1. Calculate the spin-label point distance for A:Asp404 paired with A:Thr152, positioning each point 7 Å from the Cα along the beta-carbon direction, and give it in nanometres.
2. Hey, how many Å between the Cα centroid of segment C:151-172 and the Cα centroid of segment C:23-59?
3. Between C:Leu124 and C:Ala75, what length comes free when the chain is fully extended (0.36 nm per residue of separation minus the Cα-Cα distance, one decimal in nm)?
4. Round to the nearest 0.05 the FRET efficiency obtained for C:Thr57 and A:Asp302 when R0 = 25 Å and r is the Cβ-Cβ distance.
5. From the Cα gyration tensor of segment A:2-309, with a ≥ b ≥ c the square roots of its eigenvalues, which class applies: rounded if a/c is under 1.5, or else prolate if a/b is larger than b/c, or else oblate?
6. Using only Cα atoms, tell me the angle between helix A:469-482 and the longest principal axis of chain A; keep it within 0 to 90° and round to the nearest 10.
7. For segment A:208-215, what does the Karplus curve 6.51 cos²θ - 1.76 cosθ + 1.60, with θ = phi - 60°, yield as ³J(HN,Hα) per residue in whole Hz, taken in order and with x for Gly and Pro?
8. Treat each spin label as a single point 7 Å out from the Cα along the C-beta direction, and report the C:Asp175 to A:Gln421 distance in nm.
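Readers should treat all values here as calculations from the given coordinates under stated rules, not as data from a laboratory. Bear in mind that the values here come from a model prediction, so they are computed numbers and not experimental data. Positions of Cβ are generated from backbone atoms using ideal geometry, with glycine treated the same way; all protein chains shown enter the neighbour counts.
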Amino acid sequence: MRRVEMTGPATQLVGALAAIVVLAAVVPQYWLFLATTALVTAISLSGLGIVTGRAGMISLCQMSFMALGAWVVCELNVLAAPGGLVLWILVGGLAAVPLGVLLGLPALRLRGVHLAVVTLGFSAAADVIIAAAGFPGATTFQQVLRPAFIGTDTAYFVFAALVFVAGAVAIRLLGRTRYGTAWRALRFSERATAAAAMSVPRAKLAAFALSAFFGGIAGGVLAGQIGVVTAQNFDTVDSLILLVVAVMAGSEYAGGAIAGGLLMVFVPEILRGLGVPQDWGSLLFAVGAVQTLSTGLSMSEDLVRRFRRRGAVSVPEKTGRRAAHRASPVTPERGERPVLVVEGLSVSYGRITALSGVNLVVPERTVMGLIGPNGAGKSTFTDAVTGFVRGATGSVTLDGRRLDGLPVHRRAAAGLRRTFQQDRVPPGLTVAGFLRFSAHRRVSTAELDEMAAFLNLGALNRHVSELDVGSRRLLEVAGALLSRPKVIILDEPAAGLAHAESMELAERLMEVPARFGASVLLIEHDLEMVRRACAEVVVLDFGEVIAAGPPATTLARPEVARAYLGDEVALA
Amino acid sequence: MLEGAIAGLTAGGAYAVLGLCLTLMYRLGRVVNLAQAAIGVVGVYTMSVLADGGVPYFVAVLAGLVAAALVAAGLGYMMGRWFAEAGTDQRSAIAIAYLVGLLAIEYLVFGTDPRQIPGVLGGPLATVGGVTITQAAAVCVAAAVLITAGVSVFLARTAVGLRLRALSQRPTTAELMGIPSRRLGVGLWAVTGVLATAVLLVVAPQQNSDQLSLGLMVIPACAAALVGGFRSLVGTAVGGLALGALQGALAHVSQLQEFRDVVPFVAILAILLWSQRGEVWDAAR
Amino acid sequence: MTSSLVLDDVTVARGGAPIVRGVSLTAPAGEVTALLGPNGAGKTTLLESVSGVIPITGGTVSLNGGRLNALDRVARARAGIAHVEQGRTVFPDLTVAENILVVRRGPGVIDKALELFPELHKRLDVAASLLSGGEQQMLVLARALAARPSALLIDEMSLGLAPVIVQRLLPVVRDLAASGVAVLLVEQFATLALKIADTAHVLSGGTLTYSGPAAGLRSAPERLHAAYLGEPLPGVAGGS
């Protein structure tokens, strides 16, 4: 499994290196120079791919980061700083990072649109500053010195190509880390990202800082290529076009970034050759981006999807789910020591009280049900306990540790995990990728296989987008369980499952305390499932606990029936 | 310095009106329309080309307004047709593509050479205490005030305004009441297109007016809209006028003169950091 | 029977998974048709597919003989469907009067719409967000009436409301139907709905498990208990 995963990229890497050598040997000088420019653009687009393509935030100042990188290289060149061009380029990239962080700060708490406004504003401001300050050495036409080994244009092309490949490899490796997954996850749902114990602000900042770094590097490589840099090289409009091309080509993939770079350089070149105004190129990119956004598929994604469809291993959809080990019937057991203690939890939205003074104790190694009619406050309870609601009063204690005031991801990391009622599993990930992300710790392939068998998740290399809603819910449960939580709150995990599957899930949940050492708080409408799985149930109605105890006796109580059926006895 | 601030009110009025358009589009159309000013440029350049070709000024103005309305309506139609269910982020990304596309079309149709845009509001209106107030500044400020008031009344009192407000609060519910969201959306785009054109027609003759610098007037307009939190019309208008006055004043301080175009960015950053300090969750996701 | 809302073999899928499978029912004008069932049974999904919030995957929906399938939600509203969604969807920043005028303007529109809700008359200029939950629910019903619909879909009217308020609203729904509207009432609280319904359908797991006169369920509450709570509950009487 591992090996198969590794050979693919390795082959690609060798192929890319071979292509670079061949191109350098056969392509005429003029085209090679343009190709180098395309590579510079591709490096910049790769950075944009992280923030826009992966994390889904709109950034409109990539050219400004490039300008900063180029400016640093020019300045170091004028100063005749030690280390030479390669080191200068690296310094230029690093210099862009703090700027990226600074601009990303407002985005920590902001919607993507606001980031677009900030970055566009910055881009225009940077134009002004660059025009006023000028590039070091520009007025004296002082060429940026290249070391001898990349002195010729051919050698410099190879150098730029290697920088791009190194960047692509780095992004690929980063994509496998928790941050890499977090970017894709927060694009789909910030809440789910935080619930998987990932700090949303940190993930956003990291994405933005990295994109700035790539921009800075690209600017530095450009400075080395053209020798004398002027303000005209970095226009606000080019930042806009860069974004549009990134969207159209899908620059979160290396192939998309290269395609984007080639488009941006060669389309105007070809148009010029044909005697057609180059603005047709921009128009083409704009139309392409609109088309991409309307279909939801960039050029790269379109290709990837076609390729995947052709090579797809057909996995029998649901057969696995039922066939797995039939557990011997056990009765739900109740632990003694309290692990989650909620005291006097109240939440109100304006004049409406959603929860009032809820007390609830989940003992260790217990499956507990939390039920009640629609609108009783079950979801509000989950949100408040896991930290999503501001202004909740009362206290939440997990295994003796007070969680009050902690942000969502800290509570999750402390061992309080949850799943969501709506589907919040990012569709861009593979099953294994999501599980590793959600686990928040190193998990072996054997562990993943075991979990897949436990909840019948099917093949681990499938993409989430190929799963039906019910399977996604199970995947979410599996991910949370892999993190070895103390308590896991499941918000209607059986929605989207057929009845038999719900009952199957109930059997699995009963095994959870013994297998994973976690307690389960199960919110569920399917009361048959609750009866089967839970040792104890708590009934909420109008934001208050109206009954608690073993399922059979609790559900038989008249006030519970009234809460569910609305008997007129209640109206008296 | 005061003279500078007063002169800056011309641009300030334009920021205010463009900002009003942005606020309206955000509130009622779920989009930060970064192409707003570029749509106005279509109208301004259509007018300019016609006027240069000998068409009487006011006829040319009318043609410019119609052209901008048609282009805006077309863009709005596409937005409603293909991106009706998309979120604000995605719709705003579309608007960026619109901006790039519009700038390209404007270069292709109107050429890349800077034009002197004809105007009728050239001279000074009055001199008060040694400070000259130009006609353009007076018209721009008046336009900002009148449009703010007019739009407020329109939204508060008319049937269409009522339906637009309902749509902005609960789009699905409004559609279930039979409110034609797409048609109203197209109308909204057309009207904001006309407003943007109108104000740029006043400002363009006063300054260096290539397509790009006019099109990027959307940036200070964003700053103005942010002052109003993309909600308050009055806040937006005040923000726009203040920003213009500040820039105008800085233009008279020689050390800072060349950096006055940095002001909108600084304003944007400051407003966002302040106004969003309490926000944590992207409510929908 | 002059007019009616007819669902024929309707199937609705969400995210690839079928939520409603092959549901056929008729809601005749002048009657209250109750659609009951536990949460997650697909009741809301079914209503949403009728009013056009989500597309129908299979089958047909027709109103007074005209097929609705190809119409979008705006066109369906104009064809005579009014959908009162879950959760008291008033336009929060509009006043009570504006909430009604947004549907139809003209002399007497407000008076007509508020005929059944005289308590809202005193609060015409209050923003809807400041109303109590019960008043908001009344406003949403009044707003739907202003459109003069042929079919009224009501989703979970009693959700989060105090029993007294529900008690007040139920006869109103009855009166509405009596005025010639086909009312399709989705209710989690079965005994409430059964009090005013003529016909009842029980939806469970996406298919209808009971269709028949409401009286049939009133006299056999164990059927409901089975559908809702998993098994019959001894000792709790369901209805009168």
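1. Roughly 7.4 nm, to one decimal.
2. 17 Å
3. Working: separation 49, 0.36 × 49 = 17.64 nm, distance 2.89 nm.
Working it through step by step, the gained length comes to 14.8 nm.
4. Working: r = 26 Å, r/R0 = 1.04.
My answer for the efficiency is 0.45.
5. Numbers: a/c = 1.38, a/b = 1.20, b/c = 1.15.
In terms of gyration-tensor shape, rounded.
6. 90 degrees
7. My calculation for segment A:208-215 gives 5, 4, 5, 5, 5, 4, 4, x Hz in order.
8. Those two pseudo-labels are separated by 3.3 nm.
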